[in-house]
Protein chains: 2
Amino acid sequence: MAKADTPSPEELMKLDNFLCFAIYSANHAFTRVYKPLLDELDLTYPQYLVMVALWEKDDQTVGSLGEKLFLESSTLTPMLKRLEAMGYISRVRDRADERQVRVRLTETGQALKAKASAVPLGIAGATGMEPAEIGRLKQEIATLRASLLR
Amino acid sequence: MAKADTPSPEELMKLDNFLCFAIYSANHAFTRVYKPLLDELDLTYPQYLVMVALWEKDDQTVGSLGEKLFLESSTLTPMLKRLEAMGYISRVRDRADERQVRVRLTETGQALKAKASAVPLGIAGATGMEPAEIGRLKQEIATLRASLLR
DNA sequence: CAGATTTATATCGCACACGATTTAATAGCG
DNA sequence: CGCTATTAAATCGTGTGCGATATAAATCTG
């Protein structure tokens, strides 16, 4: 029979059969591949993601960055302070609503985008996948993420 | 033309088009879904992965666990000490080679496997995917990880 | 418009995660 | 055999991440 069996409990409990572990370890692998490239920019991998979000849309609140990156203020605030200390961004309370903090790129932060432009290609190369394939896999994982967060 | 275009640099620099970000955020999403289930077992998500590795094969060295989990001793040592303090594992220097530390499940640690047996099904449900589909996606990501670490 | 409620960030404590280094033990070699 | 090189864990410093809580500002309600 070519019917897809329900996996046995033993098979289910093997680490290498865990989708979550594949993602967990692939995430670490990405961090490692990014490291040498991001060292040039003096950025950590999460800091790079914040910069990408700001390059895409400047002048965002902490909350809006958090929504896009799926991060809490308790994670972002210290990160943003480091990026500010490095001179890449500024953090200013919104005049109209003092609860909010507006995060903006500095000149240096904007200029960094050019230096970072080579990064995506380097990463794409390391995946050993075609652009179309990367896009498809990315979409599948984004859908999975949405299911998990439902 | 139905030819697959090479993505423009602008498209490449959008966060939502990053495969790495999909994986990064899906990993966080998994952590969140696991949290309430693992709270019952008094385990964090990384601790759970260590326990899964030990349930699959007991009596491993720190190094062998590190290879399977893609983690360094600097990460594992403190984690294992916590699991030991909780009474789930024991850490003993190997008599034949005192450099190595053998990690073994305690009775309590073995017994925990039964309590944890419901977890994978709960997670699988949260993915909203069929077992076969989960397996395929898992394999694709494992292949990606291998490429990245090459 | 005063007091209660909600919202936006920040702070704190804890647990990863890693690179660089240290420590201790084994293996290799003349 | 003794000395060096290698190997396995542990330690240290830094940077995420998050839950719980605190703080302060805006909003809502009577």
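The values are calculated or read from the model by the stated rules, or taken from the named source; none is laboratory data. None of these values were measured; they are calculated from a predicted model. Counting neighbours? That spans all protein chains shown, and the Cβs are built from the backbone with ideal geometry, glycine included. Protein only, heavy atoms only, side chains kept; ligands, DNA and RNA dropped before computing areas. Shrake-Rupley method; radii C 1.70, N 1.55, O 1.52, S 1.80 Å.
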Q: Take B:GLU67 and decide whether it is within 8 Å of DNA strand C (Cβ to nearest atom), within 14 Å of chain A (Cβ to nearest Cβ) and either open to solvent by 30 Å² or more (accessible area, probe 1.4 Å) or within 19 Å of A:LEU12 (Cβ to Cβ) (or both).
A: no
Q: List the number of the failed condition for B:SER117; all other conditions in (1) without any contact (Cβ under 8 Å) to a residue 40 or more places away in the chain; (2) exposed (fewer than 14 other Cβ atoms within 10 Å of the Cβ); (3) out of contact with any Pro (no Cβ under 8 Å at 6 or more places or on another chain) hold.
A: (3)
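Would you mind stating whether B:GLU56 is open to solvent by 10 Å² or more (accessible area, probe 1.4 Å) and under 18 Å from A:PHE18 (Cα atoms)?
yes
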Q: Inspect the range B:41-53 for any residue being of a type in the set (D, E, K, R) and within 14 Å of DNA strand C (Cβ to nearest atom) and give the result as yes or no.
A: yes
Q) Does B:LEU37 fit the bill of being assigned to a helix (DSSP H, G or I), on the phi < 0 side of the Ramachandran plot and out of contact with any Lys or Arg (no Cβ under 6 Å at 6 or more places or on another chain)? A) yes
Q. Any idea which residue in the range B:120-150 is nearest to A:MET13 (Cα to Cα), counting only those that are within 9 Å of chain A (Cβ to nearest Cβ) and either open to solvent by 80 Å² or more (accessible area, probe 1.4 Å) or in a loop (DSSP other than H, G, I, E, B) (or both)?
A. B:LEU121
(Q) Considering only the range B:98-114, I want to know if a residue exists there that is at pLDDT below 95 and open to solvent by 70 Å² or more (accessible area, probe 1.4 Å). (A) no
Q.
Condition check: more than 30 Å from A:LEU137 (Cβ to Cβ) and either in contact with a Gly (Cβ under 8 Å, 6 or more places away or on another chain) or surrounded by 15 or more Cβ atoms within 10 Å (Cβ to Cβ) (or both). Does B:VAL33 satisfy that?
A. no
